[in-house]
Amino acid sequence: MRKSYAPARAEESQRRRLCIAIPEILALLENNLRVDCGSVQFVLLNLDIGMSQAYPVEQDEPARYVSMWANWGQAMATISSSLRLASRMNRLGTESAFEVLVRARALEAQGKEIIHLEIGEPDFATPSNIVEAATRALHEGWTHYGPSAGLPQLRETVAADVAHHLGISVDTTEVVIVPGGKPIMFFSMLALVEEGDEVLYPNPGFPIYESMIRFVGGKEVPYGLREDFDFDVNVDEILEKITNRTRLIVINSPHNPTGGVMGRAEIARLAKALVERDVFVLSDEIYDRLIYEGEHTSIAQFPGMREKTIILNGFSKTYAMTGWRMGYGVMRPDLARQITLLMTNSNSCTASFTQIAGVEALRGPQDSVDTMREEFRRRRAVIVDGLNRIPGFHCRQPHGAFYVFPNIRGTGRSSRELADAILTEAGVACLWGTAFGAWGEGYLRFSFANSVENIQKALERIETWTKKNL
């Protein structure tokens with residue numbers, strides 16, 4: 001669906017376009033279709049799924065297209081009302097970043113300029129040596145099925161890389177390559193969590209943790225990450241919430257959305273308390289190379305925790321490879337075999353040519369990682385200083401990742417209300433704190449994976465808006 005819905009005209013000057021923002025065909029099931037006759041645009045609103053794309057359509061017969069799409073939307077809505085889904089589908093959540101992106105694209109289709117600070121991906125290009133490795137792999141025939149656990153050469157490379165950075169012994173049998181980081185979250189819960197088992201997870205936190213816990217039938221047990229604790233984990237709170245039904249604890253450092261980093265002392269305390277318990281830890285370390293002060297610490301480094309820990313990591317954030325969809329898990333061999341079985345039953349395998357590129361990413365020059373981290377450090381200073389100058393905002397300096405999580409209680413607005421206003425009235429896309437859980441109320445999340453120029457422009461817009469409206 002990357003083409004016009006009407007025949008192209010020879011003369012571009014005669015073309016008057018009708019923009020249709022379509023995040024996914026399935027979005028029409030919700031019948032969220034609005035016709036704006038004044039600007040002759042279709043906009044799909046209030047969507048919780050997918051990415052949007054604007055598609056040009058000739059305007060010569062607007063009534064025809066209005067009728068066609070409206071009728072189809074009604075028909076699909078009728079089908080939707082009779083569709084019987086499994087009850088587990090009601091337990092799935094989503095990522096609000098995609099909803100905001102859809103709304104921002106709709107505003108852009110109306111001619112408004114939006115500064116995007118909502119999406120959590122590096123704005124850098126994938127390093128050229130990695131791209132070239134993928135291109136060579138395609139020409140060399142790495143376009144066929146591979147082992148479900150991953151190509152041996154990438155598993156060996158990942159094992160060596162993790163061993164080097166964490167100072168622990170890692171065998172190839174402990175590594176599973178998957179398409180992105182989420183499969184490790186999902187498969188770990190499918191493999192370990194029975195109906196009614198409790199899973200502890202951070203709140204505010206990456207929303208897919210809670211979604212997957214609920215989907216597999218587990219009981220979600222949130223623990224807080226609080227500003228007065230510098231968004232570090234309060235181990236005492238975790239320990240207080242562990243019961244005989246606790247099966248898994250999710251930790252994330254550096255942390256999305258706060259940019260907090262777990263201190264080594266707190267991780268050591270948690271490891272000491274868990275070593276004698278029959279509890280696994282899912283350690284999401286996807287931002288481990290984006291730390292601005294100190295070094296990354298993994299709970300797998302502590303005595304007795306290696307066999308209790310599932311390390312989640314990948315290539316998306318470190319090497320600007322979000323669209324390549326490649327991640328990995330490191331875990332005890334017997335669990336790795338079960339995660340591999342889930343891979344066989346779901347994805348078969350991760351694309352072979354991307355895995356060859358992954359080998360180059362880990363073995364090749366790392367200067368691009370250092371360059372990106374230093375640029376993020378520079379942007380961090382700009383956005384933190386700028387937000388702290390805005391009335392009603394208070395922003396701590398994050399220690400990792402590329403997010404800030406300012407306290408906005410001084411504005412007197414709720415997180416959702418303020419985020420919506422900043423988007424529609426100031427032209428800056430960000431996320432409300434409750435997109436990451438109920439305990440995110442009173443905060444916004446901004447990604448500083450954008451240029452300094454755009455960050456400064458966004459800050460100016462927000463400050464102007466607040467002075468006018470608060």
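One line per residue, one yes/no per condition, for (1) touching a Phe, Trp or Tyr at 6+ places or on another chain (Cβ under 8 Å); (2) basic (Lys, Arg); (3) closer than 30 Å to residue 119 by Cα; (4) not assigned by TED's automatic domain parsing to the domain that holds residue 346:
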{"position": "147", "(1), (2), (3), (4)": "no, no, no, no"}
{"position": "162", "(1), (2), (3), (4)": "no, no, yes, no"}
{"position": "171", "(1), (2), (3), (4)": "no, no, no, no"}
{"position": "174", "(1), (2), (3), (4)": "no, no, no, no"}
{"position": "177", "(1), (2), (3), (4)": "yes, no, yes, no"}
{"position": "201", "(1), (2), (3), (4)": "yes, no, yes, no"}
{"position": "205", "(1), (2), (3), (4)": "yes, no, yes, no"}
{"position": "214", "(1), (2), (3), (4)": "no, yes, yes, no"}
{"position": "219", "(1), (2), (3), (4)": "no, yes, yes, no"}
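Within the bounds of region 428-447, is there any residue that is at pLDDT 95 or above, of a type in the set (Gly, Ala, Ser) and farther than 30 Å from residue 214 by Cα? No, that holds for no residue. State all residues of region 363-379 that are under 25 Å from residue 137 (Cβ atoms) and surrounded by fewer than 19 Cβ atoms within 10 Å (Cβ to Cβ); if no residue qualifies, say none. Scanning region 363-379 gives 363, 364, 365, 366, 367, 369, 371. Under the condition of being in contact with a Gly (Cβ under 9 Å, 6 or more places away or on another chain) and either among the small types (Gly, Ala, Ser) or not assigned by TED's automatic domain parsing to the domain that holds residue 284 (or both), which residue from region 179-199 is farthest from residue 348 (Cα to Cα)? Out of the qualifying residues, it is 196.
Would you be able to say whether some residue in region 227-237 is more than 30 Å from residue 377 (Cα to Cα), in contact (Cβ under 8 Å) with a residue 12 or more places away in the chain and surrounded by fewer than 24 Cβ atoms within 10 Å (Cβ to Cβ)?
Taking region 227-237 first, the residues more than 30 Å from residue 377 (Cα to Cα) are 236-237.
If we keep only those that are in contact (Cβ under 8 Å) with a residue 12 or more places away in the chain as well, we get 237.
Keeping just the survivors that are surrounded by fewer than 24 Cβ atoms within 10 Å (Cβ to Cβ) gives 237.
Yes - at least one qualifying residue is present in region 227-237.
Do you know which of the residues in region 410-458 that are of a type in the set (A, V, I, L, M) and farther than 18 Å from residue 113 by Cα is surrounded by the fewest Cβ atoms within 10 Å (Cβ to Cβ)?
Here is the first cut: in region 410-458, the residues of a type in the set (A, V, I, L, M) are 418-419, 421-423, 426, 428-429, 431, 435, 438, 444, 449, 452, 455, 458.
Still in the running and farther than 18 Å from residue 113 by Cα: 418, 435, 438, 444.
On the way: 418: 26, 435: 24, 438: 10, 444: 28.
Across region 410-458, the extreme among qualifying residues is 438.
Considering each of 84, 88 in turn, give the residue that is without any contact (Cβ under 8 Å) to a residue 24 or more places away in the chain and either among the charged types (D, E, K, R) or in contact with a strand residue (DSSP E or B) (Cβ under 8 Å, 6 or more places away or on another chain) (or both).
On the way: 88 fails: without any contact (Cβ under 8 Å) to a residue 24 or more places away in the chain.
When all the criteria are applied, what remains is 84.
Scanning region 285-339 for residues that are assigned to a helix (DSSP H, G or I) and in contact with a helix residue (DSSP H, G or I) (Cβ under 6 Å, 6 or more places away or on another chain) gives 299, 300, 301, 306, 324, 333, 336, 338, 339.
One line per residue, one yes/no per condition, for (1) farther than 22 Å from residue 256 by Cα; (2) buried (at least 18 other Cβ atoms within 10 Å of the Cβ); (3) touching an Asp or Glu at 6+ places or on another chain (Cβ under 8 Å):
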{"position": "97", "(1), (2), (3)": "no, yes, yes"}
{"position": "118", "(1), (2), (3)": "no, yes, no"}
{"position": "122", "(1), (2), (3)": "no, yes, no"}
{"position": "137", "(1), (2), (3)": "yes, yes, no"}
{"position": "142", "(1), (2), (3)": "yes, yes, no"}
{"position": "145", "(1), (2), (3)": "yes, no, no"}
{"position": "148", "(1), (2), (3)": "yes, yes, no"}
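Residues being of a type in the set (A, V, I, L, M), closer than 26 Å to residue 105 by Cα, touching a His at 6+ places or on another chain (Cβ under 7 Å) and modelled with pLDDT of 95 or more are entirely absent from region 406-413.
Conditions tested, residue by residue: (1) among the β-branched types (Val, Ile, Thr); (2) closer than 18 Å to residue 94 by Cα.
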site: 428; (1), (2): yes, no
site: 433; (1), (2): no, yes
site: 436; (1), (2): no, yes
site: 440; (1), (2): no, yes
site: 447; (1), (2): no, no
site: 450; (1), (2): no, no
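Which of the residues spanning region 133-157 are assigned to a helix (DSSP H, G or I), out of contact with any strand residue (DSSP E or B) (no Cβ under 8 Å at 6 or more places or on another chain) and in contact (Cβ under 8 Å) with a residue 24 or more places away in the chain? If the condition is that a residue be assigned to a helix (DSSP H, G or I), out of contact with any strand residue (DSSP E or B) (no Cβ under 8 Å at 6 or more places or on another chain) and in contact (Cβ under 8 Å) with a residue 24 or more places away in the chain, then 133, 134, 136, 137, 138, 153, 157 are the ones that fit.
Which of the following residues is touching a residue at least 60 places away in the same chain (Cβ under 8 Å), touching a Leu at 6+ places or on another chain (Cβ under 6 Å), assigned by TED's automatic domain parsing to the domain that holds residue 156 and not aromatic (Phe, Trp, Tyr): 327, 314, 358? Even if it seems obvious, please write down each step before you answer.
Details: 327 fails: touching a Leu at 6+ places or on another chain (Cβ under 6 Å); 314 fails: touching a Leu at 6+ places or on another chain (Cβ under 6 Å).
Residue meeting the stated conditions: 358.
The values are calculated or read from the model by the stated rules, or taken from the named source; none is laboratory data. This structure is a prediction, so every number in the text was calculated from the model and none was measured. Here the Cβ is made from the backbone with ideal geometry for all residues, glycine too, and neighbour counts use every protein chain on show.
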